[in-house]
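Input: a single structure, listed below in structure tokens.
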Amino acid sequence: MAWMPPLHILLSPITADTGATIQQVQLKPLFYAAQKDALARAGDDEDDQFFELAKLATGLSEKELDQLKRPDYVSIAQYVHEMSTRPASFFLNEHEATPHDQPVPLLLPLEAAGRTHTELPLEMPALRATKVMKKLATNKERAEFITAHCTGLMIPDLAGLTVPDWTELQERIDDFLNQPAAFFRSATSK
């Protein structure tokens, strides 16, 4: 069965902008591009960042979010934190890391190049690609370039990844960029 984000039952119902009563909130996955935009809007203040991400994760308006009682907001903020920091394997309950020679399972399917991907095979980057990567101006540009290179996706396709999928890919790609060959030999011979 595919992963589904949790349903949060509010301790204290709130009033929707339409006047209806909201008693529960179906949480949503955070997507890479939307998260990047929300963080840019929020600036450097961590509380503002969590508030922007909570709007994304709940679909609630600013006025609706402002009505939440603190315990409900803390629960939503915990979900946002996990979505922002945990790899897809955490949500998929995979207790063992996928071997480096196996495709990375995705939390949610990704539509790219006319295909639906439920997993992404990764290719180790060639030295030439890492040289190009290092010439890019920002860490985000470097991460997007090398992720597209290793997955075979186009940079715009990365926008459709969930944040946990992005995190999972970054962990694997970080190994490709920093671990010696022996690391991969021992990982595949277990």
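None of the figures in this text is laboratory data; all of them are computed from the coordinates on show. Here the structure is a predicted model, which means the values were calculated and not measured. Every residue, glycine as well, gets a Cβ built from its backbone with ideal geometry; the counts of neighbours run over all protein chains shown.
Extension gain for LEU11-ASN139 works out to 42.0 nm (0.36 nm per residue, less the C-alpha to C-alpha distance). Here the Karplus relation 6.51 cos²θ - 1.76 cosθ + 1.60, evaluated at θ = phi - 60°, turns the backbone of the range 79-87 into coupling constants of 4, 4, 4, 5, 4, 7, 10, 9, x Hz, with x for every Gly and Pro. Positive end of the charge dipole of the range 100-188 (Lys, Arg +1 and Asp, Glu -1 on Cβ, about the Cα centre): tell me which of LEU122, GLN102, THR138 has its Cα farthest that way. Ranked along the dipole, the leading option is THR138. Between THR85 and THR118, the modelled label-to-label distance comes to 3.1 nm, taking each label 7 Å out from Cα in the direction of the beta carbon. With the simple spin-label model, which puts each label point 7 Å out from Cα in the Cβ direction, the LEU127 to THR21 separation comes to 6.9 nm. Going by the alpha-carbon gyration tensor, a ≥ b ≥ c the square roots of its eigenvalues, is the range 25-94 rounded (a/c under 1.5) or, if a/c is not under 1.5, prolate (a/b greater than b/c) versus oblate? In terms of gyration-tensor shape, oblate. Among the lysines of the chain, pairs at least eight places apart or on separate chains and with Cα atoms under 20 Å apart come to 9. Each Lys and Arg adds +1 at its Cβ and each Asp and Glu adds -1 at its Cβ; summed about the Cα centre, the chain shows a dipole of about 540 debye. For the range 11-37, the residues whose amide N sits under 16 Å from a probe point set 7 Å from the Cα of LYS69 along the beta carbon direction are 11-15, 22-25. Using only side-chain charges placed at the Cβ, +1 for Lys and Arg and -1 for Asp and Glu, the dipole size of the range 7-85 relative to its Cα centre rounds to 320 debye.
Shown here are the Rg and Dmax of the Cα trace of the chain, at 18.8, 62 Å.
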